[in-house]
Amino acid sequence: MSSVTEIKQVRISLTVNGERHEHEVEPRRLLSDFLREDLGLTGTHVGCEHGVCGTCNIMLDGRTARACLLFAAQCDGAEIRTVESLGTVDKMHPIQEAFWEKHGLQCGFCTPGMLMSAAELLERNPEPSSEEIREAVSSNLCRCTGYQTIVEAVQDAATRIREQANG
Amino acid sequence: MKPSAFHYEKPSSLDGLLDVMGKHGEAARILAGGQSLVPMMNFRLATPEVLIDINGLSELDYIRQDGDSLSIGALTRHNVIYDSPLVAELSPLMAEAYKHVAHTTIRNRGTIGGNLSHADPSSELPAVCICLEGHMILRSKQGTREVPAGEFFLGALETAIQPGEFLAEIKIPVRKPGVGSAFEEVSPRRGDFATTAVAATLQIDGGICQTARIAHAAVADRPARIESAEAVLEGSALDKARINQAAEIAASETEPSLINYHGDADYKRDLLRALTKRALQRASENSVN
């Protein structure tokens, strides 16, 4: 191929946090940048931008994925959930309450990814062991807490979700 | 940290894939799970002019038994294999090695075909395929060819895939009765790439080792069998002394050349000795059907 191939914009239609969006994107637009800059959803953080740190974790069709390793162009038809889907300051999700209560964060930079990893774990395994929690958050780098309080927060979140479900 | 501009293609059939591959030639790269290629693109270590997204090709996403073989479609996600009862039953070595493959978020997207075509020398699956003497099924406009795993990995990030070809399927022999296996790895953290890893299978009959296969990862520019260590086991009774001898040979006759800040040559040689010993011990223990 010669380098004169014209780079076409890609038209995508996707659901983000329950809302339908239609956009034209440049193929190289990373999903992390699309979410933050095109949709203004800055809850998804951008750290290493090569898939190592996990702070850009989002849910793609129900499973976590690194938003920095996806192109928005690939997400036509996808259902995306970001950290904004969990709760608000006034009405926090039980996982967010637990992270607050158990000091599961200090600087907060890793927190969006941690919350999404915790959400994926608890959706699939409502009563995880601490070993399973460690495994689940092992792909999210936190340089503040030493992880102990994060593990406790996820354990506490599991209890809160179960209690909520039991009314 | 942004990829350079590229043209995006998303074929909806295997014929469509071959067509766009033919149209763009070597300017194009195939995008599967993107867990290795996209980081390289973000760093601009890879700057393809065209990206061919194969994520729509569900015909490359399967796990099935074909007679004596376990066939896995190239686009099968790591976590699907990780959770597969069929893989656990038919290839305990692959199932065990998968416990060391990346983290759950990466495994949600990453694919076995992407992993093997990327050919990272520190990755677990290439060593597993070599140890099990699996085959890679490559497809092109000209047809299909099978490449033995031992001839597939040519160097770091280098494989036998030719221009115009893509990896369509991975075929590994189903575990035979009486064959034991084990996968041993040391890595900085669970889920990280290996500092050193050893895969082993042993076929034992009446206390005598009939066949031994040992493969290392993260030691050289590509995974490889340690045939001199295999040779001292085959035809022998597998006692502790024999296993120690094989481990000693694995360490002394392998020249670690993949050196990084996680391990120098001496350390990797020590790991080879320890991991070979552990893998052989466990493989001999679990060889009883």
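The values are calculated or read from the model by the stated rules, or taken from the named source; none is laboratory data. As the structure is a computational prediction, the values presented were derived from the model and not from experiment. Methodologically, a virtual Cβ is constructed for each residue, glycine included, from the backbone with ideal geometry; neighbour enumeration extends over all protein chains shown. Note: areas computed on protein heavy atoms with side chains; ligands, DNA, RNA excluded. Shrake-Rupley method; radii C 1.70, N 1.55, O 1.52, S 1.80 Å.
Some notes on this structure:
- The one condition from (1) more than 25 Å from B:Thr104 (Cα to Cα); (2) open to solvent by less than 20 Å² (accessible area, probe 1.4 Å); (3) assigned to a loop (DSSP other than H, G, I, E, B) that B:Gly34 does not meet is (1).
- With respect to the conditions (1) more than 9 Å from chain B (Cβ to nearest Cβ); (2) open to solvent by 20 Å² or more (accessible area, probe 1.4 Å); (3) hydrophobic (A, V, I, L, M, F, W, C), A:Cys48 falls short on a single one, namely (1).
- All positions within segment B:112-126 that are of a type in the set (Asp, Glu) and either assigned by TED's automatic domain parsing to the domain that holds B:Arg190 or not in a helix (DSSP H, G or I) (or both): B:Asp120
Conditions tested, residue by residue: (1) in a helix (DSSP H, G or I); (2) farther than 22 Å from A:Tyr147 by Cβ.
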| site | (1), (2) |
| --- | --- |
| A:Glu22 | no, yes |
| A:Asp33 | yes, yes |
| A:Gly40 | no, yes |
| A:Val46 | no, no |
| A:Ile95 | yes, no |
| A:Ala98 | yes, no |
| A:Gly108 | no, no |
| A:Met114 | yes, no |
| A:Leu122 | yes, no |
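- A single entry from B:Ala149, B:Ala97 fulfils the requirement of being within 26 Å of B:Glu234 (Cβ to Cβ) and free of Cβ contacts under 8 Å to residues at least 24 places away in the same chain: B:Ala149.
- If you filter segment A:61-73 down to residues that are surrounded by fewer than 23 Cβ atoms within 10 Å (Cβ to Cβ) and out of contact with any strand residue (DSSP E or B) (no Cβ under 6 Å at 6 or more places or on another chain), you find that the one that is farthest from the other protein chains (Cβ to nearest Cβ) is A:Gly62.
- Qualifying residue in segment B:261-270 (condition: among the small types (Gly, Ala, Ser), within 29 Å of B:Lys176 (Cβ to Cβ) and open to solvent by less than 80 Å² (accessible area, probe 1.4 Å)): no
- The lone criterion from (1) more than 12 Å from chain B (Cβ to nearest Cβ); (2) of a type in the set (S, T, N, Q); (3) open to solvent by 30 Å² or more (accessible area, probe 1.4 Å) left unmet by A:Asn125 is number (1).
- Scanning segment B:1-31 for residues that are at the interface with another protein chain (Cβ under 7 Å from one of its Cβ atoms), in contact (Cβ under 8 Å) with a residue 40 or more places away in the chain and in a helix (DSSP H, G or I) yields a single hit, B:Gly25.
Quick grid of which residues meet (1) within 13 Å of the chain's Cα centre (by Cα); (2) of a type in the set (S, T, N, Q):
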| position | (1), (2) |
| --- | --- |
| A:Gly40 | no, no |
| A:Val46 | yes, no |
| A:Gly54 | yes, no |
| A:Thr64 | yes, yes |
| A:Ala72 | no, no |
| A:Leu86 | yes, no |
| A:Glu97 | no, no |
| A:Cys110 | yes, no |
| A:Gly113 | yes, no |
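- Unique residue being open to solvent by less than 80 Å² (accessible area, probe 1.4 Å), within 25 Å of B:Arg190 (Cα to Cα), β-branched (Val, Ile, Thr) and in contact (Cβ under 8 Å) with a residue 40 or more places away in the chain when the list is A:Ile150, A:Ile80, A:Ile133: A:Ile150
- Search result, residues across segment B:47-62 that are surrounded by fewer than 19 Cβ atoms within 10 Å (Cβ to Cβ) and more than 13 Å from chain A (Cβ to nearest Cβ): B:Ser58, B:Glu59, B:Asp61, B:Tyr62
- Unique residue being in contact with a Pro (Cβ under 8 Å, 6 or more places away or on another chain), surrounded by fewer than 24 Cβ atoms within 10 Å (Cβ to Cβ) and closer than 25 Å to B:Leu280 by Cα when the list is B:Glu96, B:Glu89, B:Glu133: B:Glu133
- Residues satisfying the stated conditions in segment B:183-234, i.e. over 19 Å from the mean Cα position of the chain (by Cα), of a type in the set (Gly, Ala, Ser) and surrounded by fewer than 24 Cβ atoms within 10 Å (Cβ to Cβ): B:Gly206, B:Gly207, B:Ser228, B:Ala231
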